[in-house]
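Reading through the structure tokens given below for one structure.
The values are calculated or read from the model by the stated rules, or taken from the named source; none is laboratory data. Note that the structure is predicted; figures quoted are calculated from it, not measured. Here the Cβ positions follow ideal geometry from the backbone for every residue, glycine too, while neighbour counts run over all protein chains shown. Accessible surface is based on the protein model in full, side chains and every heavy atom, while ligands, DNA and RNA are left aside. Shrake-Rupley method; radii C 1.70, N 1.55, O 1.52, S 1.80 Å.
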Amino acid sequence: MKQTLFTGSAAAIVTPFTETGVDYDALGKLLDFQLENGTDAIVVCGTTGEASTMTYEERAETIAFCVRHAGGRVPVIAGSGSNSTENAVTLSREAERRGADGLLVVTPYYNKASQAGLIRHYQTIAAAVSLPIILYNVPSRTGVSIAPETCAALAEAPNIVGIKEASGNLGNVQRIRALCPEDFSIWSGNDDETVPICALGGKGVISVAANVLPAEVHRLTQLCLKNDFAAAGKLQVHLKEFCDAMFCEVNPIPVKTALSLLGWRVGELRSPLCPPSGENLARIKTVLAKYGLPVT
């Protein structure tokens with residue numbers, strides 16, 4: 001049986017920056033906020049963490065800090081993807097050395113690999129580490145999608161344990177569930193698809209919204225895991241406007257802006273990301289007020 005890395009809500013944590021590096025004091029406070037509000041796992045150095053603008057050393061040190069701070073209370077899953085297989089292997093081995101509990105490996109971006117290329121890419125990474133690996137399918141950002149048949153082929157690797165599905169294609173999710181073994185886990189990669197994906201056998205969500213609403217996202221997943229989809233559906237609908245606002249510009253611009261408005265010290269977005277437009281800033285402020293979150 002494959003290891004289930006977590007069930008429930010994993011926060012794709014933002015990375016707070018200073019002018020010269022990572023603000024570890026601020027990161028510790030963000031992690032405490034997550035742990036105090038029921039978050040079931042931490043994903044560090046993912047898309048929301050702006051990993052693509054971090055140096056390899058920053059990524060390694062940030063992973064190590066999260067592992068130390070979590071202290072085994074929840075799994076720490078490290079983003080270690082790259083559009084170069086060799087670089088992804090290097091990042092994955094370093095994350096393993098720094099104590100991560102698992103890896104989140106995005107499809108190679110820009111290269112537009114074939115399905116055969118994706119299989120070779122992931123099999124090479126899986127052979128290089130012993131950690132459990134979550135595939136990450138987000139074609140809107142990478143330009144390539146993992147086909148359900150490719151997922152089934154990769155599920156044969158002992159340490160490829162599941163997929164974060166952010167394609168927005170629920171038909172593909174159904175095909176993955178039908179083609180892959182029962183012990184191959186599926187997690188929603190889109191906050192507003194948590195309930196439907198859980199209804200198709202998903203184990204929870206890797207969440208952007210949880211950065212701001214950790215208790216609510218945790219509750220949403222717990223309702224799903226208890227098969228109370230009537231209550232879960234109502235909560236999903238209630239959270240929909242908030243989730244939409246967190247994607248009014250490219251992630252993590254809105255969520256990092258929201259945290260800053262709420263008084264969290266998260267620093268600047270790293271270029272080429274930039275602050276939201278005036279219209280979207282107003283939208284973020286409005287949605288925070290609607291959900292009872294006091295803007296400082």
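Checking every residue in segment 213-221 against the condition of being polar (S, T, N, Q), more than 19 Å from residue 10 (Cα to Cα), open to solvent by less than 30 Å² (accessible area, probe 1.4 Å) and not in a loop (DSSP other than H, G, I, E, B) gives zero matches. Exactly one residue out of 8, 28, 49 is at positive phi and among the small types (Gly, Ala, Ser), and it is 8.
Can we say residue 2 is among the basic types (Lys, Arg) and surrounded by fewer than 17 Cβ atoms within 10 Å (Cβ to Cβ)? No: the conditions fail for residue 2. Looking at the structure I just gave you, is residue 116 hydrophobic (A, V, I, L, M, F, W, C), open to solvent by 10 Å² or more (accessible area, probe 1.4 Å) and without any contact (Cβ under 8 Å) to a residue 24 or more places away in the chain? For residue 116, the condition - hydrophobic (A, V, I, L, M, F, W, C), open to solvent by 10 Å² or more (accessible area, probe 1.4 Å) and without any contact (Cβ under 8 Å) to a residue 24 or more places away in the chain - is met.
Take residue 253 and decide whether it is among the aliphatic types (A, V, I, L, M) and out of contact with any helix residue (DSSP H, G or I) (no Cβ under 7 Å at 6 or more places or on another chain). Considered against the rule, which asks whether it is among the aliphatic types (A, V, I, L, M) and out of contact with any helix residue (DSSP H, G or I) (no Cβ under 7 Å at 6 or more places or on another chain), residue 253 comes out as yes. Would you confirm whether any residue within segment 272-284 is in a helix (DSSP H, G or I), touching a residue at least 40 places away in the same chain (Cβ under 8 Å), acidic (Asp, Glu) and farther than 23 Å from residue 40 by Cα? The answer is no, given that none of the residues of segment 272-284 is in a helix (DSSP H, G or I), touching a residue at least 40 places away in the same chain (Cβ under 8 Å), acidic (Asp, Glu) and farther than 23 Å from residue 40 by Cα.
One residue stands out among those in segment 53-82 that are polar (S, T, N, Q) and crowded, with 19+ Cβ neighbours inside 10 Å: the one that is nearest to the chain's Cα centre (by Cα), which is 80. Looking across 274, 248, one residue alone is under 14 Å from residue 192 (Cβ atoms), open to solvent by less than 80 Å² (accessible area, probe 1.4 Å) and at pLDDT 95 or above. It is 248. Selection of segment 260-275 for residues being more than 14 Å from residue 295 (Cβ to Cβ) and not charged (D, E, K, R) yields 266, 267, 269, 271, 272, 273, 274, 275.
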